[in-house]
1. Would you point out the residue of the range 39-62, among those that are touching a strand residue (DSSP E or B) at 6+ places or on another chain (Cβ under 7 Å) and over 21 Å from residue 100 (Cβ atoms), that is surrounded by the most Cβ atoms within 10 Å (Cβ to Cβ)?
2. Would you say residue 72 is closer than 30 Å to residue 51 by Cα, in a helix (DSSP H, G or I) and in the same structural domain as residue 46 (by TED's automatic domain parsing)?
3. Return the only residue of 65, 98, 72 being closer than 30 Å to residue 46 by Cα and exposed (fewer than 10 other Cβ atoms within 10 Å of the Cβ).
């Protein structure tokens, strides 16, 4: 499977997982009159237990327990992560944690790469490229050589003009002065 297809499949499955969890949590949110202990005798299945968002279903013991809100993760003595269900029955807590950490890590890496790329673009704009500097240097050297050649050619031409008496004097009226 090509990498792009894998990314699409993974992101689609994560999105589906999140939507299902949100849908189940929204539909299962108990009203204040319904709220009670998660260990009620009516909570014999995962679906019944997870109607209350404060409950955690342990599939290994088949018990509905209060979610330990003081801890982020339920302690292993309470229920193993691979057997714990929260939000939806078809995803265990371990898979949910792994998926969320992968998604969060991917988002962080993407943000870091974007910031790094933006910083690199700013540096390129501020600092001229080495090729630009090289071409400017070469252009200046060519200009200096051209000026030197022009000066040499002018001096040669002046010598030839002097030799044949075609040299233009500084003062064009100097010929007419009486010595």
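1. 49
2. So residue 72 does not fit the description; no.
3. 72
The values are calculated or read from the model by the stated rules, or taken from the named source; none is laboratory data. Predicted, not measured: the structure shown is a model, and the values here were computed from it. With ideal geometry, Cβ positions are generated from the backbone for all residues, glycine too; neighbour counts draw on all protein chains shown.
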